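Some notes on the structure that comes next.
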Amino acid sequence: MTEATHFYQAFQPAHYELYLAINRANKTITGKTTITGEAKQTAIALHQKYLKVSALQADGQDVPFTIDDPAEAIRITLPQSGKVTLTIDYTAPLTDTMMGIYPSYYEVDGVKKQIIGTQFETTAARQAFPSVDEPEAKATFDLAIKFDEQPGETIISNMPEIREENGVHYFDTTVRMSTYLIAFAFGDLQNKQTTTKSGVKIGVFATKAHKPNELDFALDIAKRSIEFYEDFYQTPYPLPHSWQLALPDFSAGAMENWGLVTYREALLTIDPDNTSLETKQRVATVIAHELAHQWFGDLVTMKWWDDLWLNESFANMMEYVAVDALQPDWHIWEAFQTLEAPMALQRDATDGVQSVHVQVEDPAEIDSLFDSAIVYAKGARMLVMVRALIGDDALRAGLKAYFEAHKFGNAAGADLWTALGKASHLDVGKIMQSWLEQPGYPVVTAAVVDGKLTLSQQQFFIGAGKDVGRQWQIPLNSNYAVAPQIFAEKKVTLGDYAQLRKENGKPFRVNVGNNSHFIVQYDEQLMTDILANVDQLNAIDQRQIIQYLRLLAEGRKNSYGNIVPLLPRFAASHSAIRDLNALFRVAGDLKKFVAPDSDAEKQLQA
Ligand SMILES: [Zn+2]
């Protein structure tokens, strides 16, 4: 018999009853897990890691099982396939790995304390309880927890607590969800709460080492983010509460556990009076990112980890969409252009770079395999490109349909493109295919050839690169209506340039707003025209021109010396550009190439 790739193919859990007794002093976990599900065959497996299984029963009868540590599995032989209830008794260590169930250490007034929290993504739920620990294996969960409880301690989870009996805290049954999103925490916590317009309880939880007003900023952003997403997605927040918890020890930045989002303390609790705007923006975008996942990722989850890029890229885009709506005065998209766009353009110009979508079978490979500049920065740019192409009305309609079709279930990237394609009447899937499955990006050359305005595309490289003739479906977003919406050919002629210039009354440009993932090399005539009118461009579009010039110089398609005389033209609007990294970088690179005391150097210093 061929071994099933995913455990879910052999056994499909429908409901879990999880009982956990956690002792901080002894650093032990004692657990009992009852899983009701459908066995598709008699040889099934559950995930486990570091669990010591003492008994395993199927429908009340002992059944043979073996522990397969390399596969992080318990292999079970059932008497027959079909509906079955498995009961597993086990113990596990409480380890300091910041994965699974783990302690966070901190001090209040010189007293050492700890909070127990969880981190299950990607594959650490199996360290807490035996399960089919795969995103597609969605089920409902009843969680019951007992711990060495001290007076005044609080326990929270994905769902509200419904009762306490003999020191055991029972939580309400969850909605159908993935194992990696289960979370709970307990300890000596303070909290602040509010309620959204639609009645969702919002809370911020932290240790008492924080001043109470350090919870206020996050509470406001979380409340308004949930309200924003309920409106933008046109889909209600599916749980009774949305708790945000700051953990003293945390390996990632934040984690989107459904209804109980966990954060590194510095990314949630801030002193409202002594925090820079930049830090506030960072905290707000992180909260907005995690809350975007409550629908995209949690309500609808990727079928398998190969679409993790989509989960993250989508949230990366939405954090900007949301924060821009909550705080328009922050001009947060300029930060996207400053942080994400250059990272993606730089890395993706390297020959041999990976494509956004990569086949992954083993979840353990994900971290080592994923190149964050590609998977997250380029991935987010892909979604920003789609958003710019189809517009917010189609995006929202498509998302609404997508959530409706797949809620409490799973989907693949293709399902999203289908939904967005239907809403926009564009073949989004075909367009995205060329960007997601191919590495790299094109440079579009815009030139006047024999009086005709022409465009051509070619892969752009920094350093050595082998051109294998890749072509992209490029959303051009030109300011001339004559340019096609999607440029898919190698070369296109748009018409008589002099006439087009006259009709349009402005310099020819493509990728207006810098939302598509390509760069443009304008010929001298077109570039001169743009530069003569550069003060009419906004900060992002000015920045884009500088970015292009720098990248083209790095890719040896332009010389650094040619850029120098251009820099003073941007001087008038420097203050409009929030971050001048690109400019400084150009200036820094130029110092390497421009001879001292040359005319070019003098211009650079001007
Ligand atoms: Zn995320």
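Placing +1 on each Lys and Arg Cβ and -1 on each Asp and Glu Cβ, with no other charges, gives the stretch 302-436 a dipole about its Cα centre of roughly 500 debye.
Report the semi-axes of the equivalent ellipsoid for the chain in whole Å, largest first, where each axis is √(5λ) for an eigenvalue λ of the Cα gyration tensor.
Square roots of five times the eigenvalues give 50, 28, 21 Å.
Where does the chain land at 222 nm, in deg cm²/dmol rounded to the nearest 500, when only DSSP H runs of n ≥ 4 count, each adding -39500 (n - 2.57), divided by all residues?
Per the formula, -9500 deg cm²/dmol.
Summing +1 for each Lys or Arg and -1 for each Asp or Glu among the other residues whose beta-carbon sits under 15 angstrom from that of P507 gives -1. Taken along the Cα-to-beta-carbon direction at a fixed 7 Å, the label points for T173 and E107 span 4.8 nm. Computed across the stretch 189-234, the Kirkwood radius stands at 11.1 Å (inverse of mean 1/r, all Cα pairs). What FRET efficiency would be calculated for the residue pair A252, D467, taking the C-beta separation as r and a Förster radius of 45 Å, to the nearest 0.05? So, using R0 = 45 Å, E works out to roughly 0.75. Extension gain, D496 to T95: 0.36 nm times the residue separation minus the Cα-Cα distance gives 137.3 nm. Here the stretch 302-436 yields Rg over Rh of 0.96, to two decimals, using C-alpha coordinates and the Kirkwood radius.
Counting only Cβ charges, +1 for Lys and Arg and -1 for Asp and Glu, the dipole size of the stretch 22-83 around its Cα centre is about 300 debye.
The local environment of N257, defined by Cβ-Cβ distances under 11 Å, has a net charge of -4 under the rule Lys, Arg +1 and Asp, Glu -1.
In this simple spin-label approximation, A43 and Q57 carry label points 7 Å from Cα along the Cα→Cβ vector, and these lie 2.7 nm apart. Close amide-amide hydrogen proximity is noted between K49 and Q127, each under 5 Å apart and 5 or more residues distant or on a separate chain (H modeled in the peptide plane; Pro and chain starts excluded).
Label positions at E153 and D450, each projected 7 Å from the Cα along the C-beta direction, are separated by 8.2 nm. Convex hull of alpha carbon positions in the stretch 90-210: directionally averaged projected area 9.0 nm². Neighbours of S198 by Cβ distance under 14 Å: Lys/Arg scored +1, Asp/Glu scored -1, total +1.
In degrees from 0 to 90, rounded to the nearest 10, what is the angle of the helix 308-326 Cα long axis to the longest principal axis of the chain? Compared with the principal axis, the helix lies near 70 degrees. For the stretch 405-502, how big is the tail of P(r) above 20 Å, as a whole percent of Cα pairs? The answer is 52 percent, as a whole percent. Can you tell me the relative contact order of the stretch 144-249? Whole percent, Cα pairs under 8 Å, sequence separation 6 or more. Result for the stretch 144-249 is 24 percent.
Full extension of the chain between K83 and H15 yields a length gain of 23.3 nm, computed as 0.36 nm times the residue separation minus the alpha carbon distance. Amide H contacts for Y522 (H built 1.01 Å from N in the peptide plane; partners 5 or more residues away or on another chain; cut-off under 5 Å): A446.
Every number here is computed from the coordinates shown, using simple stated rules; none is lab data. Source: prediction; values computed, not measured. Heads up, the Cβs are rebuilt from the backbone with ideal geometry, glycines too, and the neighbour counts pull from every protein chain shown.
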